[in-house]
Amino acid sequence: MKARTLPFYFLFLISSSSVIIAKKPTIISILGTGYVGLVTGTSFANIHDPKDFHIICADIEKEKIEKLKKGIIPIYEPGLSELVVHNMHRGTLSFSSNIPSVIAQSDVIFIAVGTPTNQQGQVDLHFYEKAIEMIIDNAKNSPIVIIKSTTPIGTCKQTAQLLSRHSCTLASNPEFLREGTALNDFMNPDRIIIGTDSDTAKAMVLSLHQPLLDKGTPVVSTDVTTAETIKYCSNNFLALKLSYINEIAHLCDKTGANICAVSYGVGLDKRINHSYLQPGPGFGGSCLPKDSLGLLATAQKFQVPLLTIAAAVKANAEQQIRPFKKLMSVFDGNLKGKTIAILGLSFKANTDDVRYSSAIPIIQKLLDQGAIIKAYDPVGMQNMQKIFNSITYTSSAYEALHDSDALMILTEWQQFQDIDLAKVAHIMRSKIIIDARNCLPLDLVKQHGFIYRGIGKNI
Ligand code: NAD
């Protein structure tokens, strides 16, 4: 790699007598065009001028990139499709699966590859390590490497040392967006975390976020290890909060208290607040489950017991199958041959992501009991088909409900909250509802004579 030459200018010779210095846009590439990479790349493309920055979203999955080049978005994220197309036309955004070539032309490289959990419960860094290896092998402009992926505490420090031997600098810039509201979260973050000991890298992260800084977004500038810790600490705090309210909901099931009122009353305390205080079928998705296991693995490495996080993980595993247990008890432990309509497969509403969705252990348990499953989700069925291909997927909620013995609502999609309960009562074989999201209106549920089990809210 040759030494970095800043700033990025080149000369246009207009005539023999005049020379105009034109600014070449800084090339920003994003390795990994998934939920985080695509939103990050598209948002940067949208807030910057094509004269200043050009963003290349790159991915090893060729099919994904070919679709994106045609404006077809591989994930469900409200508003993203329009923004991708708009910025491709503006000339600030492009896509490529030729990773070596993308790296070679990049001045800044974001890493947004997946960091899933392996079978031993540790973070699987093979995508991340491969991306770093590709940067070392192909970089030509001594790029600034910015880590968006959630990496185990200590990883970035090691990577920074490795990259410094190849004239690259590193910053950790963890991401906090939530699927379903990702664009809004990215554009209105609660804070921007920059972990680096390089002034150049810090200046680049600040410059890329300038329009957000202009809105007054706080910046926390720190070292890489602290930045990684902030990310894990935030996600694990949310996991704790959710497991806590889920356990209190279980207690409400026994005492007769109403968890919705409890949660509301507790959340009014400004020290606590309402966010992540709604009970449900356990936390899922690509972040909280894997980041709680990731933090536990790091703590184990340093021989620091994290008793609270271990308890949250254990409570969550129990919570994820609690709706199934409620159904079992309604049917006196015998689900053989019963047709169960499942509404909602994604781990929450407004995403097609089914990673760690509670629907997975619940469907497995139902199948183990000999139940017949008819499932519907507005956008999550394709992903769930890769996990369960032998259950029936229907084209509407009502089709799933037709002649079913029970309904389980696992995701709080608005269309399920608005479902016509009179029609549901008419088309189901028996009127049993397990509402794992507490999202149905109880007065109508009662009016139509359903047997109803919520989470901490039975009637
Ligand atoms: P994802 O699985 O949706 O996308 C990752 C993409 O990286 C895939 O498309 C994969 O093909 C691609 N990839 C793998 N290796 C590559 C390489 N060498 N070069 C180019 N592309 C490569 O993952 P995600 O959900 O976007 O998460 C990415 C990271 O961000 C993870 O570390 C995650 O923990 C973190 N994160 C996720 C969220 C979220 O809500 N999904 C939020 C904050 C942080």
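Fully extended, how many nm does the chain gain between Ala311 and Asp269 (0.36 nm per residue separation, minus their Cα-Cα distance)? The partial results should precede the final answer.
Numbers: separation 42, 0.36 × 42 = 15.12 nm, distance 2.41 nm.
Contour length minus the Cα-Cα distance gives 12.7 nm.
Hey, what does the equivalent ellipsoid look like for region 316-442, semi-axes from the Cα gyration tensor as sqrt of 5 times each eigenvalue, largest first, whole Å?
18, 18, 14
Here the chain is treated with +1 on each Lys and Arg Cβ and -1 on each Asp and Glu Cβ, and its dipole about the Cα centre works out to around 280 debye.
Taking amide H atoms as placed 1.01 Å from N in the peptide plane, the amide H of Thr222 lies under 5 Å from those of Ile194, Gly195, Thr196, each 5 or more residues away in sequence or on another chain. Here the Karplus relation 6.51 cos²θ - 1.76 cosθ + 1.60, evaluated at θ = phi - 60°, turns the backbone of region 151-167 into coupling constants of 10, x, 4, x, 5, 5, 4, 5, 5, 4, 5, 4, 5, 4, 6, 10, 6 Hz, with x for every Gly and Pro. Taken about its Cα centre, region 239-331 carries a charge dipole of roughly 60 debye when the Cβ of each Lys and Arg holds +1 and the Cβ of each Asp and Glu holds -1.
How large is Rg over Rh for region 298-376, taking Rg from the Cα atoms and Rh as the Kirkwood inverse mean of 1/r across Cα pairs?
1.11
Against the chain, whose longest principal axis is taken from its Cα atoms, helix 359-368 shows a tilt of about 40°. Principal-axis analysis of the Cα atoms of the chain puts helix 80-90 at an angle of about 20° to the longest axis.
Straight-line cross-link reach from Lys231 at under 17 Å between alpha-carbon atoms covers these lysines, not counting any fewer than eight positions away in the same chain: Lys148, Lys157, Lys241, Lys290. Residues whose amide H comes within less than 5 Å of that of Ile109, counting only those at least five positions distant or on another chain, are Ser29, Ile144, Val145, Ile146 (H built at 1.01 Å from N in the peptide plane). Spin-label point model (7 Å from Cα, Cβ direction): what's the Arg90 to Lys301 distance in nm? Going by the 7 Å Cα→Cβ label model, 3.9 nm.
Remark on Gly454: its backbone amide H falls under 5 Å from those of Asp435, Ile459, a criterion applied only to residues 5 or more positions apart or on other chains, H modelled at 1.01 Å from N. Beta bridges from DSSP with both residues in region 103-208: antiparallel share about 20 percent, rounded to the nearest 5. In terms of accessible area, using a 1.4 Å probe and ignoring ligands and nucleic acids, Ile75, Ile433 rank largest first as Ile75, Ile433. Size of region 151-281 from its Cα atoms: along the principal axes, largest to smallest, the extents are 64, 32, 25 Å.
Reducing region 81-149 and region 382-453 to their Cα centroids gives an inter-centroid distance of 40 Å. With all protein chains in place and a 1.4 Å probe, the accessible surface of the chain carries 54 percent carbon and sulfur.
For the peptides 175-182, 266-273, what is the packing order when you average, over each peptide's residues, the other Cβ atoms within 10 Å and list the highest mean first?
On the way: 175-182: 20.1, 266-273: 10.6.
For the peptides 175-182, 266-273, the packing ranking is 175-182, 266-273.
Calculated FRET efficiency, Thr225 to Glu66, Cβ-Cβ distance, R0 = 56 Å: about 0.90 to the nearest 0.05.
For region 326-331, the Karplus equation 6.51 cos²θ - 1.76 cosθ + 1.60, evaluated at θ = phi - 60°, returns couplings of 5, 5, 4, 5, 5, 9 Hz by residue, with Gly and Pro reported as x.
Each principal axis of the Cα atoms in region 210-251 has its own extent, and those three values, largest first, are 47, 26, 9 angstrom. In the chain, the calculated helix contribution to ellipticity at 222 nm averages -13000 deg cm²/dmol per residue, counting -39,500 (n - 2.57) for every DSSP H run with n ≥ 4.
How long are the semi-axes of the equivalent ellipsoid of the chain, taking √(5λ) for every eigenvalue λ of the Cα gyration tensor, in whole Å from largest down?
Equivalent ellipsoid semi-axes, largest first: 46, 24, 20 Å.
The values are calculated or read from the model by the stated rules, or taken from the named source; none is laboratory data. Just so it is clear, the structure is predicted and the values come from calculations on it, not from any experiment. Positions of Cβ are generated from backbone atoms using ideal geometry, with glycine treated the same way; all protein chains shown enter the neighbour counts. Ligands, DNA and RNA are stripped out before the accessible areas are found, and what is left, the full protein with its side chains, is counted by its heavy atoms. Shrake-Rupley method; radii C 1.70, N 1.55, O 1.52, S 1.80 Å.
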